[in-house]
Every structure is written in C-alpha cells, then in structure tokens.
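One structure is given below, encoded as structure tokens.
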Amino acid sequence: MQAVVGTKPLCSRLSSGDGAAVLVADFQPLTSAPRLSRLVGDAAVGHSVYQVDPRGALSGDRLYAALPDLADEAAAVFRAGESSAAPDQRVFVVAHCSSAALSLRIADRLAGEREVTAILVQPTWPDTDHVTEIFAEFQGKLGAGRRPCPDLDGDPWSCIAGMEQLMSEDLAAVATRLGLSKAPLAFSELLVSYRTWLAFLLACRNDQPLKVPSGAVAISVLSDEPGFVLPGSLPERCRVTPPPPAHRPDAVTPELATFVLAEVTDSH
C-alpha cells in the first residue's frame, strides 16, 4: 500500500487585508470538525491570514522534517507573500495544541523584522509517550495485535518509514479479513493521516528541550491549565488567559476563533 504522492504547501494564505498578519499553525483533524485556521480566516476581516499545515507538508514522499526546517520554510513563504506589506506590520503566530513549539520557532524567525506576538492555544509538548500512544491507537482501532513502535532515537526518516510499513501491513490484514481483493482508497488516506501525524509528533519530541524565543517575541497563552508556565522560561514570560469553555480542551469552536481574534485586536 503506497502513500499518496505529492506534498501540500506548508504555508498558504487564506485571506488578505491591510491589518496585522495572522499565521495559524494547526491540523486537519481525523473528523469533520473545523480547523481553527479556517474559522479565524473566515472571521478575520481586514487581516491577512495564513494557514501553516505541517502535516500537509509531510503528506507526500517527504516522510520527515525537523522543526527548525519547518519553521524556516514557513517564515520564508510568509515573507514572500507579504513582500509588499508595510515593514512595520505586526505579525501574530497562533498555535493550536501540539503546534506550539513550531509556532514559537516561526515567531522567533520573524521577530527581527516585525513586531511579533505568539498566541498559544491550549499548548502541548509531545514526548515519547505521546508518539507511542498514537502509534498504538492506530493498531487498536484496526483490532491489530500490539507491535512495538520503531526506535524513536534512531534515524527519524527510517523510524517513520518503519511505522508506515507496519501500519500498511495492519491495513492489508484488515482488507483480507473483510474479503476485499484490494485495499480501498480510504485505507490509504487513513495511513497518510496517521503517518503525517506521527512524523510531526516525532519532530516535536526530537526538538526537546523547548527553544524559547527571544524577549522580542510577546507570548500570550490561552490555557485552562492551572499555573501554566512555558517550559524553560520564567512564570512572568507569558500572559495567560483561560479560553472559552468547551466540551474538551482541544475542541475547535467559532467561540475559540473569536477569542483568538480578540487577542489580535486587543494587542494591535
């Protein structure tokens, strides 16, 4: 079973405007739920909104990319798209959940050029347990036997290739149990979804300890975690605000998008 060939752009513009630029790093969920970047783009009248999609950038033959490389790429695409903008235009880099570390790196790269604020929405920091849990989750959903995750400390490209091979074998076994002559397209799409998610989580895990951006980057956090402190930083480094109530911490709602835009408006 082969993954879909062709990589999506890491950074793409969703809307244009003369106001502050907003880069939103998020992911397409494995459900029909909306993306935060789309909701922000729809509501951000007068702002240029960019979607930073690291999983999309890993959806083709590019099995893995380190977080610093992804940050360089996103910053370069943004600079090219905003080349005609006023040099003093403010930039907001928004992170949803596990995209926090990537967004902080992007913000750090842009801080020498413009006034930059990073907005971290329910930030998380993927570790070894997180990667292995997602790999096990895939096997569990298929009713497959639990097989060990490839070595996370080895070559990351080989690690992701090994995960893809094991997951492909599990999907092929499901097709056989169902009496199918070949695996349906939905199986390939599921494989790509999990492979790209695991590749990004591994990149975050390999980026530890967290690189905190320079003091030139203002950091605002929307978190309901009591006493939140940015790892590797001082408690006063961030302004922390509780997000709007939701049925689960990582839920994406129109209310959350409105809350994020209020952060942009209040800071601008």
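For this structure, a couple of remarks:
- Residue in the stretch 203-210 that is more than 30 Å from GLU263 (Cα to Cα) and touching a residue at least 12 places away in the same chain (Cβ under 8 Å) present: yes
- Per-region count, the stretch 28-48, residues among the hydrophobic types (A, V, I, L, M, F, W, C), surrounded by fewer than 21 Cβ atoms within 10 Å (Cβ to Cβ) and either in contact with a Phe, Trp or Tyr (Cβ under 9 Å, 6 or more places away or on another chain) or assigned to a helix (DSSP H, G or I) (or both): 2
- Residue check, PHE92 of a type in the set (Phe, Trp, Tyr), open to solvent by less than 20 Å² (accessible area, probe 1.4 Å) and either modelled with pLDDT of 95 or more or touching a Gly at 6+ places or on another chain (Cβ under 7 Å) (or both): yes
- Every pair of residues 6+ apart whose Cβ atoms lie under 8 Å, when the first sits in the stretch 149-160 and is polar (S, T, N, Q) while the second is in a loop (DSSP other than H, G, I, E, B): SER158/PRO150
- Lone qualifier among SER12, SER59 - being among the hydroxyl-bearing types (Ser, Thr, Tyr) and at pLDDT below 90: SER59
- In the stretch 173-196 there is no residue matching the filter, namely being within 30 Å of VAL93 (Cβ to Cβ), touching an Asp or Glu at 6+ places or on another chain (Cβ under 6 Å) and open to solvent by 20 Å² or more (accessible area, probe 1.4 Å).
- Residue check, ALA25 closer than 16 Å to PHE200 by Cβ, small (Gly, Ala, Ser) and out of contact with any Leu (no Cβ under 7 Å at 6 or more places or on another chain): no
- Meeting the requirement of 2 or more residues that are within 20 Å of ASP69 (Cβ to Cβ), the helices (runs of 4 or more DSSP H) wholly within the stretch 99-206 are 100-110, 156-177, 185-206.
The values are calculated or read from the model by the stated rules, or taken from the named source; none is laboratory data. Worth saying up front: this structure is predicted, and the values here are computed from it rather than measured. So basically every Cβ, Gly included, is an ideal-geometry build from the backbone, and we count neighbours across all protein chains shown. Accessible surface areas use protein heavy atoms only, side chains included; no ligands, DNA or RNA. Shrake-Rupley method; radii C 1.70, N 1.55, O 1.52, S 1.80 Å.
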